[in-house]
Amino acid sequence: MLAVAEINYIRHEVNIKDSNYSEVAQRIGRDPRTVKKYAEQDDFSPEVKIKQVSVNAKIKWTVIAKILFTLSPNLNNIPIN
């Protein structure tokens, strides 16, 4: 991730001054693909990665939930001290 000042410079040079990607990349010592990425990017909020649960974990939690739901009527009769 580039610093905000670098991103602003890239966007200014490419979008306002109409410099091409390779010229800006040479000036700041970055790859032209990086310059292109930041010049064209509109949303700078970080991507939220969604953690995927494996099928085995889903099955385990399904089994646990079924056991708990079948035991829940019996759990009401257990005294809590």
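One table, with the values for the structure above:
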{"quantity": "Principal-axis tilt of helix 55-75 within the chain, Cα atoms, nearest 10 degrees", "calculated": "40"}
{"quantity": "Debye log10 I(q)/I(0) for the chain, one point scatterer per Cα, at q = 0.26 Å⁻¹", "calculated": "-1.17"}
{"quantity": "Residue order, fewest to most surrounding Cβ atoms within 10 angstrom, among Tyr9, Tyr38", "calculated": "Tyr9, Tyr38"}
{"quantity": "Net length gained if the chain between Lys17 and Ile67 were fully extended (0.36 nm per residue, minus Cα distance)", "calculated": "11.4 nm"}
{"quantity": "Residue order, fewest to most surrounding Cβ atoms within 10 angstrom, among Leu2, Leu68", "calculated": "Leu68, Leu2"}
{"quantity": "Cα lying deepest toward the dipole's positive end in the chain, options Ser22, Val63, Gln52, charges on Cβ", "calculated": "Val63"}
{"quantity": "Cα-centred dipole magnitude for the chain, charges only on beta-carbon of K, R (+1) and D, E (-1), debye, nearest 20", "calculated": "560"}
{"quantity": "Exposure proxy ranking, count of Cβ atoms within 10 Å, fewest first, for Arg27, Arg11", "calculated": "Arg27, Arg11"}
{"quantity": "Pairwise Lys count, the chain - Cα closer than 21 Å, eight or more residues apart or different chains", "calculated": "6"}
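Values quoted throughout were computed directly from the atomic coordinates according to the rules given, and no laboratory measurement underlies them. The structure presented is a predicted model; accordingly, all values stated were derived computationally and were not measured. Using ideal geometry, Cβ is built from the backbone for each residue, glycine included, and neighbour counts are taken over all protein chains shown.
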